[in-house]
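The values are calculated or read from the model by the stated rules, or taken from the named source; none is laboratory data. Being a predicted model, the structure only gives us computed values, none of them experimental. Cβ sites come from the backbone with ideal geometry, for glycine too, and all protein chains shown count toward neighbours. Surface accessibility is based on the protein's heavy atoms, side chains included, excluding ligands, DNA and RNA. Shrake-Rupley method; radii C 1.70, N 1.55, O 1.52, S 1.80 Å.
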Amino acid sequence: MGFGKIDTYPVYVEPFHVDYTGRIFMGVLGNHLLNAAGNHSAKRGWGIGDLNGTRHTWVLSRLSIEMTEMPVQYDHINISTWVESVIKLFTNRNFAITRADGTPCGYARSIWAMIDMETRRPCDLLSLYEGDILNYIVSEEENVCPIEGHGRFRFRDAQLVRTIDTYYSDVDINGHINSIKYIEHILNLFPKDAFKNGIRRFEIAYKAESYMGDRLSFYQQAVSEREFDIEVRKNVTEGNAGEVVCQARLRFN
């Protein structure tokens, strides 16, 4: 105890963190969001370092980022994060991305599960540490996150557009393919000109883990001229559709 419920972390947009338009890469922004979440949890005894001692860890289940304007090279921004709600197996965490003067440039919503590192199955958050996590839920008045929630995906005519191998640099401390790596691989499906006006919204739902050596196949379908759904499956072979590891929706400006 002793900490408030909302933390704010400063971020400086380095030149090597931006794309050819000068805007921050969505993957880099995603990493900053996850770092903010990790720091917020660690200060309250719910960080990965503490949890690993009892063979638990956090895994990201859903992430939706919506930006009115992407930060650009040399910008100073702030990322605020807080816990919106906790149910038995999942916790909802929100983010606000603001400029140095306090004006908002985007928001994000996320859903997390805590898993047992041996069984890889979700744990009951309300039974751990005597339900201490409930102490950090913000009130409705403090919870300002005006973007829509996580959507549903319906794949009807998605076409295979790319298959890639996975390597050392794709793997994170949990031993599986890093959640942000999926975002980067998905964005790489699109031509350079698609990003000239920036990204309005990116959302992703993680369905299963994949590991180094798995082959990832990317299926794409258009929702509209500027909006696309992507489904990622692992180890697709002839006669085997593969297991879905994540689904995403990307909306360009």
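The table that follows gives values for the structure above.
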item	result
Area of VAL83 that stays accessible when all protein chains are in place (1.4 Å probe, Å², to 10)	10
C-alpha center-to-center spacing [region 202-221, region 13-27] in angstrom	24
Share of carbon and sulfur in the accessible heavy-atom surface of region 80-200 [1.4 Å probe, %]	49
Magnitude of the charge dipole, the chain, Cβ model with Lys/Arg +1 and Asp/Glu -1, debye to 20	400
Accessible-area value, LEU160, 1.4 Å probe, nucleic acids and ligands omitted, Å²	100
Scattering curve values for region 36-89, log₁₀ I(q)/I(0), Debye with Cα scatterers, q = 0.14, 0.20, 0.24 Å⁻¹	-0.55, -0.93, -1.13
Kirkwood Rh, Cα atoms: Rg over Rh of region 130-253	1.04
Residue order for GLU142, GLU14, GLU66 - accessible surface, 1.4 angstrom probe, largest first	GLU142, GLU14, GLU66
Contour excess over end-to-end distance, with Cα ends at ASN35 and THR103 and 0.36 nm allotted per residue	22.3 nm
In Å², nearest 10: area of LEU34 left accessible to a 1.4 Å probe	30
Dipole in debye (nearest 20) - region 1-84, about Cα centre, beta carbon charges: Lys, Arg +1; Asp, Glu -1	380
Expected-Rg normalisation [2.2 N^0.38 Å, Cα atoms] applied to region 44-141	1.24
Spatially close lysines, pair count over the chain: Cα under 30 Å, gap of eight or more or interchain	17
Kirkwood-based shape ratio for region 105-146, expressed as Rg/Rh from alpha carbons	1.09
Histogram of C-alpha separations across the chain, 5 Å bin width, %	1, 6, 13, 17, 18, 17, 14, 9, 4, 1, 0, 0
Taking the chain and dividing mean pair separation by its residue count, relative contact order in percent (alpha carbons under 8 Å, at least six apart)	18
Point-to-point label distance, ARG154-ALA194, nm (Cα→Cβ direction, 7 Å offset)	2.3
